[in-house]
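Here is the structure we will look at.
The values are calculated or read from the model by the stated rules, or taken from the named source; none is laboratory data. What you see is a predicted model, and the numbers here were worked out from it, not measured in a lab. So basically every Cβ, Gly included, is an ideal-geometry build from the backbone, and we count neighbours across all protein chains shown. Keep in mind that these areas ignore ligands, DNA and RNA; they rest on the heavy atoms of the full protein, side chains included. Shrake-Rupley method; radii C 1.70, N 1.55, O 1.52, S 1.80 Å.
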Amino acid sequence: MTATESAPVVNPEALEQLVGQVIADAGGALTLPLALLGDRLGLFTTLASSGPVDPAALAARTGLSERYLREWLLAMAAAGYVTYDDGEGETARYRLSAEQAEAFTNPDSPAYVIGACQNLTAATRMLDRLTDAFRTGEGIGWHEHHPDMFVGTERFFRPGYLAHLTGEWIPALTGVPERLTAGGRVADVGCGLGASTIIMAQAYPASEFIGVDYHGPSIELARTRAAEAGVADRVDFRVAGASDLVADPAGGYQLIAFFDCLHDMPDPLGALRAARAAVADDGRVMLVEPMSWDRVGDALNPLGRLLAGASLLVCLPSGLSGPPGAGLGNQAGPRRTCELAREAGFSDARVATSTDFNLVYELSP
């Protein structure tokens, strides 16, 4: 520091606000895994069905330690995840409001949040690997994550697919609903545990579906879930990638979908080129991507913070985990995403519709 320079002046109010934010963030960081713990132990569903209970009554219902339950209930009530009724110490009673029950116990609700708790808790298990990756520039493959990542991701995204996929997203694509109603071929690339594939198969019984994913354990679960849903006769799940679609079927697919996965791929351009080669002349490719913005300033909001953090822990390392290591990340923005599609050979790319959390792109051959 030169003689003419002076140390920056600390604004006490701004500093207090910053520290307060960190305290709030730290509380939230602890709350998510504790909420996941409650889900694993069935505590939310028990509270939803039992009405107001004290820790002793909850222990009797669940067979769990009363002392641990008392602390868990306190933590959840402080977070607003559980409702506290008047009482002190051992006489305190806890319950779930209707809204809390919807968010923590209804897996078909668009408000269901347990998947986020599971998915994001799993993501933080990679912190040591990510520290090394910052030094080496190497990636971390999707398959290398804790098993909670795969199940949690399905639980996280499935409610949104139930709410929007067949009612809003597919109808926003030119001519696609009519073709699938009449009977067509659909490919779901990066299908994971198959939630999106199964939802589409249930909505369009005249069509046939293939789901591909390179992660073998996810495909095994997807096959089981398709059988449970009664659509296994029209859904074929394979351990494969986008490039394997090119030779099947003759005439091409009426719809090829990428649900929240293109940005995770080390070669998203190659995947889109394969989709361009495999889609029918009158078909469409649909990209469902997390909300993103073209300008950094537009991303500085609560959702942008969540998505950028998830991108750094999961999406970007996955995109750097193999050649060519594109490292797209989930915040590529509409402009870059559409440019990538046109580079892959699509004649047009546009945002067809959106939700608060997703952008849905239509790519035309």
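Every listed requirement among (1) open to solvent by less than 10 Å² (accessible area, probe 1.4 Å); (2) in contact with a His (Cβ under 9 Å, 6 or more places away or on another chain); (3) of a type outside the set (Gly, Ala, Ser) is met by Ile256 save one, (2).
Pairing each residue of region 212-238 that is over 16 Å from Ala201 (Cα atoms) with any residue that is part of a helix (DSSP H, G or I) and open to solvent by 70 Å² or more (accessible area, probe 1.4 Å), provided the two are 6+ apart or on different chains, yields C-beta distances under 6 Å for His215/His143. The selection criterion, being acidic (Asp, Glu) and open to solvent by 50 Å² or more (accessible area, probe 1.4 Å), holds for Asp108.
Quickly run through region 40-71 and pick out the residues that are in a helix (DSSP H, G or I), within 21 Å of Gly152 (Cβ to Cβ) and open to solvent by 40 Å² or more (accessible area, probe 1.4 Å). Correct list: Arg40, Thr45, Ala48. Look at region 341-355: where a residue is touching a residue at least 40 places away in the same chain (Cβ under 8 Å) and under 13 Å from Met286 (Cβ atoms) and a partner is open to solvent by 20 Å² or more (accessible area, probe 1.4 Å) and in a helix (DSSP H, G or I), sitting 6+ places away or on another chain with Cβ atoms under 8 Å, you get Phe346/Arg276; Ala352/Ala172; Thr353/Glu168; Thr353/Ala172.
Only residues that are more than 34 Å from the chain's Cα centre (by Cα) and either in a loop (DSSP other than H, G, I, E, B) or charged (D, E, K, R) (or both) were counted in region 1-39, giving 12. Of all residues in region 122-167, those that are of a type in the set (Val, Ile, Thr), open to solvent by 30 Å² or more (accessible area, probe 1.4 Å) and in contact (Cβ under 8 Å) with a residue 40 or more places away in the chain total 2. Please state which of the following conditions Pro266 fails to meet, knowing it meets all the rest: (1) open to solvent by 10 Å² or more (accessible area, probe 1.4 Å); (2) touching a residue at least 24 places away in the same chain (Cβ under 8 Å); (3) closer than 30 Å to Asp25 by Cβ. The failed condition is (3).
Answer with yes or no whether Leu127 is farther than 30 Å from Ile198 by Cβ and either in contact with a strand residue (DSSP E or B) (Cβ under 7 Å, 6 or more places away or on another chain) or modelled with pLDDT of 95 or more (or both).
yes
Under the condition of being under 19 Å from Glu99 (Cβ atoms) and open to solvent by less than 70 Å² (accessible area, probe 1.4 Å), the residues counted in region 72-89 number 10.
In region 198-251, the residue that is nearest to the chain's Cα centre (by Cα) out of those that are of a type in the set (Ser, Thr, Tyr) and open to solvent by 50 Å² or more (accessible area, probe 1.4 Å) is Tyr214. Between Arg336, Arg342, the distinction of being of a type in the set (Lys, Arg), surrounded by fewer than 21 Cβ atoms within 10 Å (Cβ to Cβ) and more than 24 Å from Asn301 (Cα to Cα) belongs to Arg342 only. Under the condition of being outside any helix (DSSP H, G or I) and among the β-branched types (Val, Ile, Thr), the residues counted in region 319-351 number 1. Filtered by the rule that a residue be open to solvent by less than 10 Å² (accessible area, probe 1.4 Å), under 24 Å from Pro317 (Cα atoms) and not acidic (Asp, Glu), region 168-190 gives a lone residue, Val189.
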